[in-house]
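Participant: Before I ask anything, let me first share the structure, which is written out below as structure tokens.
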Amino acid sequence: MAAELKGKKTEADLMAAYAAECMSAVKYGFYADRAAAEGHAALEELFRAAAKNERAHAGVWFRVLTGGVKDTGANLRDAVKGEGYESGEMYARFCREAETEGFLDIARLFSDIAAVETAHAAAFKEAENALTQNRLYEDDAPARWRCGSCGCQKTAELAPDGCPVCGAGLGQFKKL
């Protein structure tokens, strides 16, 4: 469906709906954090529930616009591309515009966040390479591996095939 939407007003509407739902999901997460800090557990729960719903709505529009989430390799390539755009084009332009308008503190924030986005792109690219080369769960030297389910840690060149404590599979291990 994405191809037949190209250039149509409905495509622009879908992109606006997706952006609004994404922003609401994040914003309500911030609001939930504030409600929790102020001791309003019921309001925190309300905001978190709404944030979850907004994320689900964004997922609907994401699927219509893109066909949905792809395999992890494709997602990593898309993430590299997106982070590269943010760091190399988007934030660079925002920084220049803020400087031109005299908002030097905001320009610095744009620049600082662009550096983080560059690091994200590099991390995604490294992960893509490790996935492609089937080296995601191995290292050239002994490394510490932590089970994401129970926290068990092991030192080895390869992540354990399974957790000896909780039985979680290889995919739960992360190199520390």
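Participant: Under 20 Å between alpha carbons, and skipping anything fewer than 8 positions from Lys8 in its own chain: which lysines qualify?
Facilitator: Straight-distance partners of Lys8: none at all.
Participant: For the chain, which cysteines have no second Cys with its Cβ under 4.7 Å from theirs?
Facilitator: So far as the 4.7 Å Cβ criterion goes, Cys22, Cys95 stand without a partner in the chain.
Participant: Further, regarding this structure: In percent, how large is the relative contact order of the chain, given Cα pairs closer than 8 Å and 6 or more residues apart?
Facilitator: 14 percent
Participant: Specify the residue with the greatest mean-square fluctuation among Ala37, Ala114, Ala20, computed from a Gaussian network of the chain linking alpha-carbon atoms under 10 Å apart.
Facilitator: Maximum fluctuation in the GNM of the chain, among the listed residues, is at Ala37.
Participant: Could you name the lysines in cross-link range of Lys70, using Cα to Cα under 19 Å and dropping any fewer than eight places away on the same chain?
Facilitator: Lys81, Lys125
Participant: Cross-link partners among aspartates and glutamates for Lys154, C-alpha distance below 14 Å, same-chain residues fewer than 8 apart left out?
Facilitator: Filter leaves Glu138, Asp139.
Participant: Moving on to the next point. Could you list log10 I(q)/I(0) for the chain at q = 0.10, 0.14, 0.16, 0.18 Å⁻¹, which the Debye formula gives when each Cα is one point scatterer?
Facilitator: Log10 I(q)/I(0), no solvent term: -0.65, -1.16, -1.25, -1.23.
Participant: Same structure again: Only four residue types carry charge here, +1 at the Cβ of Lys and Arg and -1 at the Cβ of Asp and Glu. Report the dipole size of region 22-176 about the Cα centre in Debye, rounded to the nearest 20.
Facilitator: 460 debye
Laboratory data are not the source of any read-out in this text; all were calculated from the coordinates shown. Small disclaimer: the values here were computed from a predicted structure and weren't measured. Because the Cβ atoms are built from the backbone with ideal geometry, glycine has one as well, and the counts that use them run over all protein chains shown.
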